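The values are calculated or read from the model by the stated rules, or taken from the named source; none is laboratory data. Remember, it's a predicted structure, so these values are computed and weren't measured experimentally. No Cβ is skipped: glycine too gets one built from the backbone with ideal geometry, and neighbour counts run over all protein chains shown. The protein model used for the area step is the full one, side chains on, heavy atoms only, and it has no ligands, DNA or RNA in it. Shrake-Rupley method; radii C 1.70, N 1.55, O 1.52, S 1.80 Å.
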Amino acid sequence: MPSSPFEMKASSVLQNEELQHSYRNAMDYLIKRRQQQFNDPLEWQTLRQKGTSIKTAALNDLPQLLLQLEAKLINNGIQVHWAETPDEANILITRLIKETTSSNPDLSPAPVVKGKTMVSEEIHLNQYLAQQGIPCLETDMGEFIVQLAKETPSHIIMPAIHKNKAEIAQLFKEHISGIYQDDVDILIQQARQYLRQCFENATVGISGVNFAVAETGTLVLVENEGNGRMSTTLPQTHIALMGIEKVIASLTDLPPLLSLLTRSATGQSITTYINMISGPRRKGEKDGPEKVHVILLDNGRSKLWQDASLRDTLRCIRCGACMNHCPVYSRVGGHSYGTTYPGPIGKILAPQLETQDNAADLPFASSLCGACGEVCPVNIPIPQLLLRWRQEATQQYQTNHCNHTTIPQQPTPITGLKYSRGQHLIWKTWSWINCHPKLYYFMTYLVTKWRILLPRQLGGWTLYRTPPRPASSTLHQRLKNK
Amino acid sequence: MTTTEHVYLYGTCTIDLFFPEAGIDAITLLEQYNIKAHFPPEQTCCGQPAYTSGYPQQAQQVALTQIAAFPENWPIVVLSGSCAGMMKHHYTHLFPDNHPQSIQAHRFSQRIVEFSEFLYHHLKITLTDYGQPVHAALHTACSARREMDTLQCSQQLLSQLHNVSVVSPAHEEECCGFGGTFSVKFTEISGAMVNDKCKALEATNIQHLISTDCACLLNINGCLAKRQKTPLQGEHLASFLRQRCQPRKP
């Protein structure tokens, strides 16, 4: 029955009881933690409104802010690079890594350490670097586990949420210790010791950016494990990779956004580490990288930006609350989506950022319950944007098959759409019936009259439910003579 | 002396076909409070199925049929949070400012009132409970909870019934998995959601499941019946209130 890659993967997760259980427990935990943080509705609404207007204003001023950011960063001694596509970013990063290592032949081959960055997942950096013979080590505990397992993150904040203790213990036995043991504290210590060594030897550190302040040229990075600080201070070169939508105007914009981010994401009032990076090591300073590079990546973002309503998507601060609260995500897990960003936000980012065929299916894989929109700290109207992408999907079909004109270029058409002529016809007929009240009356009358003849099996519906049984007469009929 | 107030009743196509008694109950209940509910026979579907499936033009045609069906300037009481949400909040998306019918659609949207909202906010109803002590759960459809923000109205109404103990099943704020065509397109995911919803209901001691949305009930009732763990079947708030608030004849 499942037809798309999404449905097939979702189906296997739904049948995995253990996975169902761990996702449900993890999401319930995160939901509860967030609720405790925002137990004052007024404070939540005020803060959310503030965060929303900060991000909205920053996006409206995006071209100017990016130029200001570039100038300030350069002023601070940070080198700025622009990348339009994942390929451009990957080539750039490879060149920067090679430049660092060639200036220090003793250090070759260069071990590269990476702090958690979803943008690097977006451009498939690890795979690209591996093809160039450059090993790149994930240093965030979750990402580290995912890398050992040769998988991709299943959640943007908790990348290894799909892994249980036994699976992690097995991975650590195979790759680190050689001995199986599943005490969580010991496992963490083992990883820490292993990573510590790698930090010391690394010549290049790669990180993401949570917020980039245009006014001061500051890169802000939040984390809980200290690996972000290690990755950005110990190696000789730090490469920060960021999407262009991360820029904000001023330092005063930062506190409300940080508060919204950490409270929404993990239910923490503040993360253990907040790194504010304002340049390479200066004269007399004892630590810090010698060179800092920033790569500003577009990868479809400017296309979203050009569309007045899709632009709202770019407010996202990547907290993951929408996936934690999503009844679909909490059942099918992050990998089913087949996209870098899973869950509700992934569904509205994927058609623009991804090339996979299954992205077309995703906007439809929602009951539109609105839980995502309700918890979004920057008020992204996710359900409304899902509807928009559904319209884009069917309109693309209609444009291709009905008018024989070219595909609209704005926004980027969704690929791999399987919506057929049949479906189009169904909705035309449906509309026609509902536009003719007498016809509607007659059709519903027939359904009630012949209800005994209705099929007992209705595809997937009756796998989980008895068939819907029409009443003996409609409300219209009952009220006709009143 | 109170004068009779006139309102329209929008029955919804789900109630029309599957829960017509909820429509009758709503009209009867309103009559008790001197409200004359008119049911224009020209009403059909609100257009939501086409709209959420990505066919706004088809939805727009159907929306125009509804707008024409309710000519008087009376409030339109809708027996579903989801259809009310469509007509109140999404008709404005269907008819943007530059559309010739945009003003008409906007005025129509402003007249939309969800049933529990009408009873609680507009009518400021005081209910008298004539029923036996029971336990009940309120399934608030996502549209009522998040789009129409009428959750409190139905909660408040139920709290007026002194013999009804309202129980909160686990994950009560979570969607039942209906979502219109979602339940047909993504049957396994929707099935898992409604199964969880039913498990949570079965774990309670309720005798009544009440909702302001019959589309959710179509989904939940079907699953409850398939699972056969309980004879429980959900009913519309209008039906429940009518049963409870009708004085027993001596």
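Identify all residues within the stretch A:361-374 that are at pLDDT 95 or above, assigned to a helix (DSSP H, G or I) and surrounded by 24 or more Cβ atoms within 10 Å (Cβ to Cβ); write none if there are none.
Result: A:Ala371, A:Cys372.
Only residues that are touching an Asp or Glu at 6+ places or on another chain (Cβ under 8 Å) and either part of a helix (DSSP H, G or I) or within 14 Å of another protein chain (Cβ to nearest Cβ) (or both): list them for the stretch B:115-142, please.
Result: B:His139, B:Thr140, B:Ala141.
Could you list, in sequence order, the residues of the stretch A:260-300 that are crowded, with 16+ Cβ neighbours inside 10 Å and β-branched (Val, Ile, Thr)?
Matches in the stretch A:260-300: A:Thr262, A:Thr266, A:Thr271, A:Ile274, A:Ile277, A:Val292, A:Val294, A:Ile295.
Among the residues of the stretch A:426-482, how many are more than 7 Å from chain B (Cβ to nearest Cβ), assigned to a helix (DSSP H, G or I) and aliphatic (A, V, I, L, M)?
7
Considering only residues of the stretch B:52-61 that are within 7 Å of chain A (Cβ to nearest Cβ) and surrounded by 24 or more Cβ atoms within 10 Å (Cβ to Cβ), which is farthest from A:Arg388 (Cα to Cα)?
Ranking the candidates gives B:Gln58 first.
For the stretch B:89-114, give me the residue count where each residue is assigned to a loop (DSSP other than H, G, I, E, B), of a type in the set (D, E, K, R) and touching a residue at least 12 places away in the same chain (Cβ under 8 Å).
1
When you go through B:Phe186, B:Phe178 one by one, which is the residue that is free of Cβ contacts under 8 Å to residues at least 24 places away in the same chain, within 30 Å of A:Pro467 (Cβ to Cβ), of a type outside the set (Asp, Glu) and within 11 Å of another protein chain (Cβ to nearest Cβ)?
On inspection, the qualifying residue turns out to be B:Phe186.
Only one of (1) surrounded by fewer than 22 Cβ atoms within 10 Å (Cβ to Cβ); (2) closer than 25 Å to A:Gln395 by Cβ; (3) without any contact (Cβ under 8 Å) to a residue 12 or more places away in the chain; (4) within 11 Å of chain A (Cβ to nearest Cβ) is not met by B:Leu64, so which one is it?
(3) is the only condition that B:Leu64 fails.
Take the stretch B:20-50 and flag every residue that is open to solvent by less than 10 Å² (accessible area, probe 1.4 Å), at the interface with another protein chain (Cβ under 7 Å from one of its Cβ atoms) and not in a loop (DSSP other than H, G, I, E, B).
Listed by number, the residues that qualify are B:Pro20, B:Gly23, B:Ala50.
How many residues, within the stretch B:115-155, are of a type in the set (S, T, N, Q), in contact with a strand residue (DSSP E or B) (Cβ under 8 Å, 6 or more places away or on another chain) and without any contact (Cβ under 8 Å) to a residue 60 or more places away in the chain?
Matching residues across the stretch B:115-155 total 1.
Looking at the stretch B:1-19 only, could you name the residues that are modelled with pLDDT under 95 and either in a strand (DSSP E or B) or within 9 Å of chain A (Cβ to nearest Cβ) (or both)?
B:Glu5
Taking B:Glu72, is it farther than 26 Å from A:Leu362 by Cβ, facing chain A (nearest Cβ under 10 Å) and either outside any helix (DSSP H, G or I) or touching a Phe, Trp or Tyr at 6+ places or on another chain (Cβ under 8 Å) (or both)?
No.
How many residues does the stretch B:93-114 hold that are open to solvent by less than 20 Å² (accessible area, probe 1.4 Å) and within 14 Å of chain A (Cβ to nearest Cβ)?
Residues that pass the stated criteria total 1.
Look through B:Leu237, B:Leu201, B:Leu158 and report the one residue that is crowded, with 17+ Cβ neighbours inside 10 Å, in contact (Cβ under 8 Å) with a residue 24 or more places away in the chain and touching a Pro at 6+ places or on another chain (Cβ under 6 Å).
B:Leu201
What's the number of the condition A:Lys150 fails, among (1) part of a helix (DSSP H, G or I); (2) out of contact with any helix residue (DSSP H, G or I) (no Cβ under 7 Å at 6 or more places or on another chain)?
Among (1) part of a helix (DSSP H, G or I); (2) out of contact with any helix residue (DSSP H, G or I) (no Cβ under 7 Å at 6 or more places or on another chain), the lone unmet condition for A:Lys150 is (1).
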